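Engineer: Shown below is the structure under consideration.
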Amino acid sequence: MKKLVRKLSDMKDFYKSQKEVLKILEKRNPVIYEVYETRHSDKNGDLCYTTTIIYPGKIGKEYFMTKGHFHKNKNSAEVYFGLSGRGKSLLMDKKGNKKTVEIKKDKIVYIPPDFAHRTVNTGKQKLRFLSVYPSDAGHDYEAIRKNGF
Ligand code: S6P
Ligand code: ZN
C-alpha cells in the first residue's frame with residue numbers, strides 16, 4: 001500500500017483565495033487529505049482501490065477538498081463508497097455540465113467515464129471514502145488546476 005499526503009503547500013493553486021492560502025502558509029502547512037492506494041498492476045482489466053481521508057477545515061470560504069482530476073483514459077469510470085463523515089462529490093464533464101452528489105457513510109457515488117471529480121469535506125469530522133477504478137485510468141490534474149470546477 002502506498003500513502004500520499006497532500007498538504008496545503010502541495011495544492012495552493014487549487015484554492016480560490018490566494019490571499020488566504022498565503023496567510024495560512026505563513027504560520028502552518030495543514031494536511032488537507034491523505035490517500036492510501038493499493039495497486040496490483042497497471043494492466044488493462046485490473047482494478048486499483050484507495051481510501052481517502054479529507055480533514056475538516058476551510059481555506060477562506062472553501063472547505064478542505066481534493067485537487068480533483070479527469071482520468072487520462074477517457075473510458076474509465078469510478079465508484080466511491082462513503083465510510084464516515086459527510087461531504088459532496090463534484091462531477092463535471094468536458095462541456096462544463098456539473099453535478100453535486102452527497103457522500104456519507106454507506107453511500108455509493110458513481111463517476112461516469114470522462115467526468116472530472118473532486119470531493120469536499122463539508123462536515124466537522126474526517127470524511128473517509130473508498131474508491132475503486134481501473135488500474136490504467138491515469139490522472140490529469142491540469143484542467144482543474146487551471147479552470148477549477
Ligand atoms: C482516483 C480516485 C481517488 C482520488 C483521491 C484524491 O482515481 O478518484 O483515489 O485520487 O480521492 O483525489 P485527487 O483528485 O487528489 O487525486
Ligand atoms: Zn478518479
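Where a number appears in this text, it was derived from the coordinates with a stated rule and is not lab data. Given the structure is predicted, the values throughout are model-derived calculations rather than measurements. Cβ placement follows ideal geometry from the backbone for every residue including glycine, while neighbour counts extend to all protein chains displayed.
Engineer: Of these, GLY68, GLY57, which one is buried (at least 18 other Cβ atoms within 10 Å of the Cβ), on the phi > 0 side of the Ramachandran plot and touching a residue at least 60 places away in the same chain (Cβ under 8 Å)?
Structural biologist: GLY68
Engineer: Further, regarding this structure: Yes or no: region 14-25 includes at least one residue that is basic (Lys, Arg), surrounded by 12 or more Cβ atoms within 10 Å (Cβ to Cβ) and within 16 Å of ligand 2 (Cβ to nearest atom).
Structural biologist: no
Engineer: Select, from THR52, THR38, the only residue that is under 15 Å from the mean Cα position of the chain (by Cα) and of a type in the set (S, T, N, Q). Walk me through how you get there before you give the answer.
Structural biologist: Working: THR38 fails: under 15 Å from the mean Cα position of the chain (by Cα).
Of the residues listed, the single one that is under 15 Å from the mean Cα position of the chain (by Cα) and of a type in the set (S, T, N, Q) is THR52.
Engineer: Same structure again: Are there any strands (runs of 3 or more DSSP E) wholly within region 72-149 with 2 or more residues that are in contact with a Gly (Cβ under 9 Å, 6 or more places away or on another chain) and near ligand 2 (Cβ under 10 Å from one of its atoms), and if so which?
Structural biologist: Output list reads 116-121.
Engineer: Could you check ARG39 against (1) at positive phi; (2) within 15 Å of ligand 1 (Cβ to nearest atom); (3) exposed (fewer than 14 other Cβ atoms within 10 Å of the Cβ) and say which number it fails?
Structural biologist: (1)
Engineer: If you don't mind, there's one more thing I want to ask. Under 7 Å by Cβ, and 6 or more places apart or on different chains, what pairs join a residue from region 107-122 that is under 20 Å from TYR55 (Cβ atoms) and without any contact (Cβ under 8 Å) to a residue 40 or more places away in the chain with one that is within 11 Å of ligand 2 (Cβ to nearest atom) and of a type in the set (S, T, N, Q)?
Structural biologist: VAL109/SER89
Engineer: How about region 109-129: which of its residues are exposed (fewer than 15 other Cβ atoms within 10 Å of the Cβ) and under 13 Å from the mean Cα position of the chain (by Cα)?
Structural biologist: If the condition is that a residue be exposed (fewer than 15 other Cβ atoms within 10 Å of the Cβ) and under 13 Å from the mean Cα position of the chain (by Cα), then no residue fits.
Engineer: Looking at (1) within 11 Å of ligand 1 (Cβ to nearest atom); (2) in contact with a Pro (Cβ under 7 Å, 6 or more places away or on another chain); (3) of a type outside the set (Lys, Arg), which one does VAL79 not meet, given that it meets all the others?
Structural biologist: (2)
Engineer: Limited to region 1-29, what total is found for residues that are out of contact with any Pro (no Cβ under 8 Å at 6 or more places or on another chain) and not in a helix (DSSP H, G or I)?
Structural biologist: The total comes to 12.
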